[in-house]
Amino acid sequence: MIRQALVTLTLALAAGLGVSSTVAQTPPNTVQLQPAPDIAGVIAGGTMPDVVIKGLTSSDDPLWLPNIGLVFSESQANRIVRLDEHDQPVTFVGDLLNPLGMTFDSQGQLISLQTRPGFTGPRVVWPKGKERIVADNYQGKSFGRPNDIVADLKGGVYFTDIPPDRTVMPPAVYYVPPGGAAIRVAEGITTPNGLQLSHDEKTLYVNDTGGINIYAFDVQPDGRLTNRRVFGTYVGRDQSVAATAPPMSRADGLVTDDEGRLYALTESGIEVLSPAGKPLGVIPLWCITRRCQNLAFGGPDKRTLYVAGGGTLLRIAMRARGFGGRAK
């Protein structure tokens, strides 16, 4: 009853201020949750997120692994966590180097982005005995802070890199072909972050945390990218940005469902886009200590959306089903 009262008060205040309830941001350091609007084929109106875990040092990039279940990164604890049958976090892979994004490739390998200075880049971290470095430099220069990653069916991986010092390495998207060296395939995006492949792997989508757009690129046979274009524009806005500065959506993690819709975490929550980039609605969400960072469909039928960020793991019952052609 207390939680419902808080929700009602939040919606009333939003309405009184002339702010859309789907875009109004919940304050940090609170467990206050908001009901979802009805989005046809996506989520039933009134659905509430469920807090599975809170209070970890960090949480990022949930991923549903076959025969394993839900795993996610706890970067500050240098481990990948598995959610056990009692919804408790247990170490799945430890002794890592501030891991962030991860992907599961067609060979059954878990590839994790390591971000500790001096040890940056994608590495195979599971199964045990198969560990190896996929890439740790571009033309002799170390990556800055790799963030999100997706594997293609050919055995290559795309990942974004957001270097702390942009005078050394620019923000960019890289592709590592199977057995090859990293190729810089896109730059000029302010802060490339979450990324995802289309179902047919002919298009790569990239979120710009430092802007308001999601970009699309055509994927070439060698993995390089062409035809950069704005695929969609997000409604979320960072309200702390000065009025004279360019607006920022803080767009982060990105995932797709079986119908080709895209789901992106921004300052407004989870923004849902059609396969053509049309806004379909916003699921308001906040990960208790900060905005949420990444998301993935999971569960035996892939109708549960897991969301991580700020040491929190949330889950949401969905009408939509996650894409069945990849782990994420």
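The values are calculated or read from the model by the stated rules, or taken from the named source; none is laboratory data. Worth saying up front: this structure is predicted, and the values here are computed from it rather than measured. Reconstructed Cβ throughout: ideal geometry from the backbone, glycine too, with neighbour counts over all protein chains shown.
Could you list all residues from region 250-260 that are under 11 Å from the mean Cα position of the chain (by Cα) and not in a strand (DSSP E or B)? Hits for region 250-260 are Ala251, Asp252, Gly253.
In the set Leu65, Leu70, only one residue is among the aliphatic types (A, V, I, L, M), at pLDDT 95 or above and surrounded by fewer than 21 Cβ atoms within 10 Å (Cβ to Cβ); that residue is Leu65.
Checking the structure you have, find out if any residue of region 209-222 is within 20 Å of the chain's Cα centre (by Cα) and within 18 Å of Ser106 (Cα to Cα). No: zero hits.
When the residues of region 196-210 are filtered to those that are free of Cβ contacts under 8 Å to residues at least 40 places away in the same chain and of a type outside the set (S, T, N, Q), the one that is nearest to Leu153 (Cα to Cα) is Asp200.
Looking only at residues that are modelled with pLDDT of 95 or more and among the aliphatic types (A, V, I, L, M) in region 168-185, which one is nearest to Val219 (Cα to Cα)?
Val185
Note on region 261-314: residues that are acidic (Asp, Glu), in a loop (DSSP other than H, G, I, E, B) and either at positive phi or free of Cβ contacts under 8 Å to residues at least 40 places away in the same chain (or both) amount to 1.
Of the set (1) touching a Leu at 6+ places or on another chain (Cβ under 8 Å); (2) β-branched (Val, Ile, Thr); (3) buried (at least 24 other Cβ atoms within 10 Å of the Cβ), all apply to Ile283 but (1). Put simply, of Gly144, Gly155, Gly236 the only residue that is out of contact with any His (no Cβ under 6 Å at 6 or more places or on another chain), touching a residue at least 40 places away in the same chain (Cβ under 8 Å) and crowded, with 20+ Cβ neighbours inside 10 Å is Gly236. Considering only region 82-93, I want to know if a residue exists there that is within 20 Å of the chain's Cα centre (by Cα), farther than 18 Å from Ala296 by Cβ and either in a loop (DSSP other than H, G, I, E, B) or of a type in the set (S, T, N, Q) (or both). Looking through region 82-93, none of the residues is within 20 Å of the chain's Cα centre (by Cα), farther than 18 Å from Ala296 by Cβ and either in a loop (DSSP other than H, G, I, E, B) or of a type in the set (S, T, N, Q) (or both). Can you spot a residue in region 98-120 that is touching a helix residue (DSSP H, G or I) at 6+ places or on another chain (Cβ under 9 Å) and assigned to a loop (DSSP other than H, G, I, E, B)? Within region 98-120, one or more residues are touching a helix residue (DSSP H, G or I) at 6+ places or on another chain (Cβ under 9 Å) and assigned to a loop (DSSP other than H, G, I, E, B).
For region 67-119, taking the residues that are hydroxyl-bearing (Ser, Thr, Tyr) and touching a strand residue (DSSP E or B) at 6+ places or on another chain (Cβ under 6 Å), the one that is farthest from Thr160 (Cα to Cα) is identified as Thr91.
Identify, from the list Val31, Val42, the residue that is closer than 30 Å to Phe92 by Cβ and modelled with pLDDT under 95.
Val31
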